[in-house]
Amino acid sequence: MENLREIKLIWQKKFLEKKFRICFFASVITLLIILLTLAKFLSYNENRVGFSFKDPILSLFNPVDVTWITFAIIYASLLFILIYLTYNPVNFLIALQSYSIVALLRLITIFLLPLNAPSTIIPLKDPFVEFFGGGKTLLNDLFFSGHTATMFIFFLVVKSKSLKIIFMLATIFVGICVIIQHVHYTIDVLAAPFFVYTSYRVVVVLNRKLGFVIE
């Protein structure tokens, strides 16, 4: 109860700042619009004619279903991050905005680079993605890996060295898992951190220009 009271006071104090209040609600609305647009696009994208290629890494082994391990890491990390960020509204805003840009970039890259899923794929049934994707398992939302990207956002927004090590390892492990299951081509996973870091840096610079203190 004491922690909840502390969190409530932190957010109440921050929402007294008109600039933060406007920025926060604008960011939430923007994220919702992007996610809904992405959901419609991904549903359409499943029926597009894409192209396949032989991935030299995937060719080395048969796929293994590690779905439960992948989502155990992702959802445990998500729960921790949500709790962690409630103590810092500005960093919460940074994560929210970074995720919005990453989602928008995924829409653009998937549109520009339509790929067919590897023929050996074991579908990764993510309840969150299936909900936003129209209730079906998506296979062709490939370049770049959304799961790896999300984990790397978590790595960037935590500040302590020990947490960064944990989330870097978690990011690497999730990336390995989606490759082991042949859910993604190797390049999908390797490219994700570059898109995420660019998004994060843009958001940090813009928020500093607005005068927000980023810890």
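Every read-out reported here was derived from the displayed coordinates using simple, explicitly stated rules and does not represent laboratory data. Computed from a prediction, not measured in an experiment: that's the story for all the values here. Neighbour counts run over all protein chains shown; Cβ positions are idealised from the backbone, glycine included.
Tabulated data for the structure shown
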quantity: D (Stokes-Einstein, µm²/s), Kirkwood Cα radius, region 76-183, 0.890 mPa s at 25 °C; calculated: 163
quantity: Calculated P(r) tail over 13 Å for region 55-116, as whole % of Cα pairs; calculated: 76
quantity: Debye equation applied to the C-alpha atoms of the chain, log10 I(q)/I(0) at 0.08, 0.15 Å⁻¹; calculated: -0.30, -1.00
quantity: Approximate spin-label separation Leu78-Leu60, in nm, with each point projected 7 Å along Cα-to-Cβ; calculated: 3.0
quantity: Pairwise FRET efficiency - Leu163 versus Lys18, Cβ, R0 = 35 Å, nearest 0.05; calculated: 0.65
quantity: MRE, 222 nm, helices only [DSSP H, n ≥ 4, -39500 (n - 2.57), over the chain, to nearest 500]; calculated: -23000 deg cm²/dmol
quantity: Cα centre as origin, Lys/Arg/Asp/Glu Cβ charges: region 2-209 dipole, Debye; calculated: 1000
quantity: Charge tally in the Cβ shell below 12 Å around Thr109, where Lys, Arg are +1 and Asp, Glu are -1, Thr109 excluded; calculated: -1
quantity: Number of Lys pairs (Cα under 30 Å; 8 or more positions apart or on different chains) in region 2-209; calculated: 29
quantity: Extreme residue, positive dipole direction of region 2-209, given options Leu31, Phe53, Thr171 (C-beta unit charges); calculated: Leu31
